[in-house]
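K.L.:
Dumping the structure here so I can ask a few things about it.
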Amino acid sequence: MEFHNETSTNPSKETTGFRWVLTSEERSNIAKILEIEEDTISHVKGNVMCRERMQCGGCGKLSGLDDLVHNAVTARVHSRDFILEVMAGGPQTRLYAHKMQCSNCSHGYEGVFINWGGYME
């Protein structure tokens, strides 16, 4: 499994976070979850999070944007259309801390996750 995690400073928000560079596996998972073609989100290169990726204690998968999308859809917190809008234009409202479950096995990751600076294009 690929591991893409870089420290990044987001000058527009004056915050430091961790760039989660989107892997081809994550992009494929997101497309399946949102029931779209992968090229619909080809512009998304990753996102900036408050913490490093974590390894799932259930299956070993590394946390990723696909987990955030999976959690939002399965919990019915956001519609698929809203998620696509956010992926195209960045967060629309205040950022909240989220508990997150693995999209592969539903095991809970430890702690909370915050998407600091939107999505990298």
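Since every read-out is calculated from the coordinates, none of them should be taken as a lab result. Quantities reported herein were computed from a predicted structural model and do not represent experimental measurements. Positions of Cβ are generated from backbone atoms using ideal geometry, with glycine treated the same way; all protein chains shown enter the neighbour counts.
K.L.:
Pull up all non-local amide H partners of Gln101: gap of 5 or more, or a different chain, and H-to-H distance under 5 Å with H placed in the peptide plane.
P.N.:
Residues meeting the amide H criterion: Tyr109.
K.L.:
Output ³J(HN,Hα) for the range 47-64: one whole-Hz value per residue in order, computed from phi by the Karplus curve 6.51 cos²θ - 1.76 cosθ + 1.60 with θ = phi - 60°, and x for Gly and Pro.
P.N.:
Running phi through 6.51 cos²θ - 1.76 cosθ + 1.60 with θ = phi - 60° gives 8, 10, 10, 7, 8, 5, 4, 10, 8, 5, x, x, 10, x, 4, 7, 4, x Hz.
K.L.:
I need the phi-derived Karplus couplings for the range 69-74: 6.51 cos²θ - 1.76 cosθ + 1.60, θ = phi - 60°, integer Hz, Gly and Pro marked x.
P.N.:
Using θ = phi - 60°, the values come out as 5, 4, 5, 5, 6, 5 Hz.
K.L.:
What list of ³J(HN,Hα) values in whole Hz, one per residue of the range 18-32 in order, does the Karplus curve 6.51 cos²θ - 1.76 cosθ + 1.60 (θ = phi - 60°) give from phi, with Gly and Pro shown as x?
P.N.:
Calculated HN-Hα couplings, in order: 10, 7, 9, 5, 5, 8, 5, 5, 5, 4, 5, 4, 4, 4, 5 Hz.
K.L.:
So who's got an amide H within less than 5 Å of the one on Gly46, skipping anything under 5 residues away but keeping other chains? H placed 1.01 Å off N, in plane.
P.N.:
It is Leu22, Met120, by chain and number.
K.L.:
Next question, about the same structure. Could you list Leu34, Leu68 so that the one with the fewest beta carbons within 10 Å of its beta carbon is first and the one with the most is last?
P.N.:
Working: Leu34 20, Leu68 23.
Starting with the residue having the fewest Cβ neighbours, the order is Leu34, Leu68.
K.L.:
Right, here's the next one. Out of residues 5 or more away from Met54 or on other chains, whose amide H comes under 5 Å of its own, with H placed 1.01 Å from N in the peptide plane?
P.N.:
Sorted by chain and number, the residues that satisfy this are Ser63.
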